[in-house]
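Notes for the one structure printed next.
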C-alpha cells in the first residue's frame, strides 16, 4: 500500500454534526457514506416514531368509539326489554283485575241464589 493508514498527525478522527474531523485519510468517502446513511436512518426512525404515536392515538380513539357504541347498544336493548316487561306487566295486571271483577260477580250471583 502506498498510503499510511495510521493516524500520525494527532488529529482525532471523530464525527461532529455530520462533518469528519480528520479529512486526511484514505477511506474518507466510506466514512461520509456511512454518515449519510446514519442521518437517513435517523430521519426514517423519527418518522416511524411519529407514525407509531399517531397509530396509538387512533387506536385509543377507535377503542373509545367502540366502547361508546357497545354501551349505546346495550342501553337500547335494556330499554327495549324494559318496555316489553312493562307491557307484559300491564296485560297481566289488567287480566288479574278483570278476573277479580268476574270472580266477585260470580260470587254475588251464587250468594243471591242461595
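Would you be able to say whether some residue in segment 54-72 is in contact with a helix residue (DSSP H, G or I) (Cβ under 7 Å, 6 or more places away or on another chain) and either surrounded by 10 or more Cβ atoms within 10 Å (Cβ to Cβ) or modelled with pLDDT of 90 or more (or both)?
So in segment 54-72, the residues in contact with a helix residue (DSSP H, G or I) (Cβ under 7 Å, 6 or more places away or on another chain) come out as none.
No, segment 54-72 contains no residue that is in contact with a helix residue (DSSP H, G or I) (Cβ under 7 Å, 6 or more places away or on another chain) and either surrounded by 10 or more Cβ atoms within 10 Å (Cβ to Cβ) or modelled with pLDDT of 90 or more (or both).
Residue pairs, Cβ under 7 Å, 6 or more apart or interchain, first in segment 91-102 and without any contact (Cβ under 8 Å) to a residue 24 or more places away in the chain and on the phi < 0 side of the Ramachandran plot, second surrounded by 10 or more Cβ atoms within 10 Å (Cβ to Cβ) and part of a helix (DSSP H, G or I). List them.
Close Cβ pairs (under 7 Å, with a partner that is surrounded by 10 or more Cβ atoms within 10 Å (Cβ to Cβ) and part of a helix (DSSP H, G or I)) do not exist here.
So which of 28, 44 ends up being modelled with pLDDT of 95 or more and surrounded by 10 or more Cβ atoms within 10 Å (Cβ to Cβ)? Please lay out each step first, then the result.
Working: 28 fails: modelled with pLDDT of 95 or more.
Testing whether each residue is modelled with pLDDT of 95 or more and surrounded by 10 or more Cβ atoms within 10 Å (Cβ to Cβ) leaves just 44.
The values are calculated or read from the model by the stated rules, or taken from the named source; none is laboratory data. Computed from a predicted structure; not experimentally measured. Positions of Cβ are backbone-derived with ideal geometry, glycine not excepted, and every protein chain shown enters the neighbour counts.
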